[in-house]
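A.B. asks: Encoded as structure tokens, here's the structure I'll be asking about.
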Amino acid sequence: MHIAFLAYAQDAIIYRDGRVKSVKIIQTNNDKTLFKESGNKKASEEFVENTKVFMLKFKTRGNVVFNANGERILAASEPTQIPKDAIVVYYKDGREVPAYNLTMDANTVSFKTSKKGKDRPIFSPKAEVFMIRYPHGTRDILTDLMAEEQRERERKAEEERVRAQQEAEEAEAARQ
């Protein structure tokens, strides 16, 4: 798959695990997205659950970003113009930012937003960045969204279990 072609000439689905698929998006519902494989006129329609999608990139309109529940958290009406030679930083909140002179340390990603170098560098905590895509097509996943979301579900389930146990104990104490 050639990422530069994908990012500029087609619609694309960016999955929550970082995979990118070049497609023709047909329809987006509240729970799933209908698409066809791009470049194949005879391709059958397929769908993906929105809970598995991080971002839908439309060639002719803006991006749509989903949270772990498959709910739209960001929709832009204009397509983001990313220069072909730029690195792209995808934030967990759905922002897509062109980057140059990118560096990373243990906690921070820093970059400039133009090649000229006159702008001040942007410093972002790594924890806010989902993925970095390089012009040659490779990607770095800085936040494993699926694992992070699973930990959050487990934490909420544990909180609910503890709360239910406390309520049962309080009810039992009230009966005595």
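The values are calculated or read from the model by the stated rules, or taken from the named source; none is laboratory data. Predicted model only: the values in this text are computed from it and were never measured. As a convention, Cβ positions derive from the backbone with ideal geometry for all residues, glycine included, and neighbour counts pool all protein chains shown. What goes into the accessible areas is simple: the full protein's heavy atoms, side chains included, and nothing from ligands, DNA or RNA. Shrake-Rupley method; radii C 1.70, N 1.55, O 1.52, S 1.80 Å.
A.B. asks: Take region 140-166 and flag every residue that is β-branched (Val, Ile, Thr) and more than 25 Å from Glu128 (Cβ to Cβ). I'd like the intermediate steps shown before the answer.
C.D. replies: So the first thing to find is which residues in region 140-166 are β-branched (Val, Ile, Thr), and the list is 141, 143, 162.
Passing the criteria: only Val162.
A.B. asks: Still on this model: Are there any pairs, at least 6 apart or on different chains, whose C-beta atoms fall under 9 Å, with the first in region 35-62 and over 24 Å from Ala76 (Cβ atoms) and the second part of a loop (DSSP other than H, G, I, E, B) and open to solvent by less than 90 Å² (accessible area, probe 1.4 Å), and if so, which?
C.D. replies: Hits for this filter: Glu37/Ala43; Glu37/Ser44; Gly39/Gln10.
A.B. asks: Quick check, is Leu74 under 14 Å from the mean Cα position of the chain (by Cα), at pLDDT below 85, in a strand (DSSP E or B) and surrounded by 16 or more Cβ atoms within 10 Å (Cβ to Cβ)?
C.D. replies: Answer is yes for this residue.
A.B. asks: What is the one condition in (1) at pLDDT below 90; (2) crowded, with 17+ Cβ neighbours inside 10 Å that Ser22 does not satisfy?
C.D. replies: The failed condition is (1).
A.B. asks: Pairs please, first residue from region 130-147 and open to solvent by 70 Å² or more (accessible area, probe 1.4 Å), second anywhere and part of a loop (DSSP other than H, G, I, E, B) and at pLDDT 90 or above, Cβ atoms under 7 Å, 6+ apart in sequence or on different chains.
C.D. replies: Between residues of region 130-147 that are open to solvent by 70 Å² or more (accessible area, probe 1.4 Å) and residues that are part of a loop (DSSP other than H, G, I, E, B) and at pLDDT 90 or above, the close pairs are Arg139/Gly18; Ile141/Gly18; Met146/Arg16; Met146/Asp17.
A.B. asks: Within region 36-50, restricting attention to residues that are part of a strand (DSSP E or B) and over 18 Å from the mean Cα position of the chain (by Cα), which residue is nearest to Glu71 (Cα to Cα)? Full working, then the answer.
C.D. replies: First, pick out the residues of region 36-50 that are part of a strand (DSSP E or B): 36-37, 46-49.
With the extra rule that they be over 18 Å from the mean Cα position of the chain (by Cα), the set shrinks to 36-37, 46.
Numbers: Lys36: 22, Glu37: 23, Glu46: 20 Å.
Checked region 36-50; the qualifying residue nearest to Glu71 (Cα to Cα) is Glu46.
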